[in-house]
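*Asks:* Before I ask anything, let me first share the structure, which is written out below as structure tokens.
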Amino acid sequence: MIRIDFLGTGNAFTPFGRLHALTLIDEKILIDTPPTLITQLRRKGMKTSDIEHLLFTHWHADHTFGFPFFMLERKYISDPMLEHDLKIYLRPGGKEKLSNLCNVGFPGSLEEIGDMADWYEEENFELPGTNWKFERFPVCHTPETDPHGYELTHKSGIKILHCGDSGPCIEIENRAKNADIVILEMGMPDIGDFPYHYTPSDVVEFSKKFPESLVLVTHNYASSKKISKGFQTPNLPKEIYQLEDGDAVEVNQNGEIKIIKNG
Ligand SMILES: [Zn+2]
Ligand SMILES: [Zn+2]
């Protein structure tokens with residue numbers, strides 16, 4: 001059984017009814033650390049020491065500014081004796097960026113974060129203690145953020161493409177052919193040309209090209225479906241599923257995919 005929880009589904013502006021996009025796999029693999037990460041884990045009844053693997057996509061604040069809180073909670077609350085392994089996967093130079101962030105946020109309290117985790121810059125990795133391996137690949141987003149996505153392959157053969165933040169991107173399309181589930185951001189509405197984000201019409205075009213893949217939309221610019229303020233959730237074809245905070249996806253032993261809606 002595979003389980004993917006969506007602890008947040010909003011873009012950087014946290015639209016009404018959404019926290020920042022945050023994906024949790026099998027309750028131990030976390031992709032990115034948005035600012036309200038601790039709140040998001042708590043809603044799921046979790047603590048930071050439950051997380052064994054932390055994967056970073058790029059250096060925008062809505063994906064990283066929760067890191068000092070993550071390490072602080074781990075050090076002082078849920079793992080003070082450092083009994084739980086933490087493995088962090090990131091691009092070269094990332095460890096320094098995250099260390100600086102911790103020193104700015106909690107000076108004097110997190111000086112040893114380098115030793116609180118094992119740090120890996122490899123582009124391919126088999127995650128120990130899980131049934132997953134990943135390949136990291138470059139995507140089309142603000143170049144200064146060194147943007148990447150992750151192709152995650154389960155031992156059963158199920159493939160998930162987590163695209164990070166990206167506009168339409170040949171690297172994503174090349175990998176989508178073989179993916180069972182594509183987690184695609186939709187950071188901007190159809191009000192202009194945005195090379196660094198998918199818009200609703202980009203997502204529709206993408207889904208038409210890959211009818212075999214389940215397209216899950218996150219990092220949504222629009223408010224939750226339940227709220228009438230702000231940008232309204234666009235109407236998209238039914239084969240595209242716009243996630244809400246708290247939704248989850250399960251894949252059983254036969255490879256059948258089920259979406260579990262929150263409320
Ligand atoms: Zn973002
Ligand atoms: Zn971004």
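The rows are residues; the columns are (1) in a helix (DSSP H, G or I); (2) open to solvent by 50 Å² or more (accessible area, probe 1.4 Å).
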| residue | (1), (2) |
| --- | --- |
| 70 | yes, no |
| 74 | yes, no |
| 77 | yes, yes |
| 88 | no, no |
| 100 | yes, yes |
| 103 | yes, yes |
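*Asks:* Moving on to the next point. So is residue 164 touching a residue at least 40 places away in the same chain (Cβ under 8 Å), surrounded by fewer than 14 Cβ atoms within 10 Å (Cβ to Cβ) and of a type outside the set (Asp, Glu) or not?
*Replies:* So residue 164 does not fit the description; no.
For (1) at pLDDT below 95; (2) open to solvent by less than 20 Å² (accessible area, probe 1.4 Å), each residue gets a yes or a no:
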| position | (1), (2) |
| --- | --- |
| 179 | no, yes |
| 185 | no, yes |
| 205 | no, no |
| 212 | yes, no |
| 247 | no, yes |
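*Asks:* Could you look through the stretch 216-245, keep only residues that are under 10 Å from residue 15 (Cα atoms) and in contact with a Lys or Arg (Cβ under 7 Å, 6 or more places away or on another chain), and pick out the one that is surrounded by the most Cβ atoms within 10 Å (Cβ to Cβ)?
*Replies:* In this case the residue turns out to be 220.
*Asks:* I've got another one for you. Condition (residue is without any contact (Cβ under 8 Å) to a residue 40 or more places away in the chain, open to solvent by 10 Å² or more (accessible area, probe 1.4 Å) and within 16 Å of ligand 1 (Cβ to nearest atom)) applied to the stretch 25-42: is it met by at least one residue?
*Replies:* Yes.
*Asks:* Hey, does the stretch 251-261 have a residue that's over 21 Å from the mean Cα position of the chain (by Cα), surrounded by fewer than 19 Cβ atoms within 10 Å (Cβ to Cβ) and either within 21 Å of residue 56 (Cα to Cα) or not polar (S, T, N, Q) (or both)?
*Replies:* yes
*Asks:* Got a sec? Which of 106, 16, 6 is more than 21 Å from residue 136 (Cβ to Cβ), touching a residue at least 60 places away in the same chain (Cβ under 8 Å) and out of contact with any Cys (no Cβ under 7 Å at 6 or more places or on another chain)?
*Replies:* Matching residue, one of 106, 16, 6: 16.
*Asks:* Can you name the residue in the stretch 50-68 that is more than 14 Å from ligand 1 (Cβ to nearest atom) and among the acidic types (Asp, Glu) and, of all such residues, is most open to solvent (accessible area, probe 1.4 Å)?
*Replies:* 52
The values are calculated or read from the model by the stated rules, or taken from the named source; none is laboratory data. The shown structure was predicted, so the numbers you read here are calculated from the model rather than taken from an experiment. Because the Cβ atoms are built from the backbone with ideal geometry, glycine has one as well, and the counts that use them run over all protein chains shown. Protein only, heavy atoms only, side chains kept; ligands, DNA and RNA dropped before computing areas. Shrake-Rupley method; radii C 1.70, N 1.55, O 1.52, S 1.80 Å.
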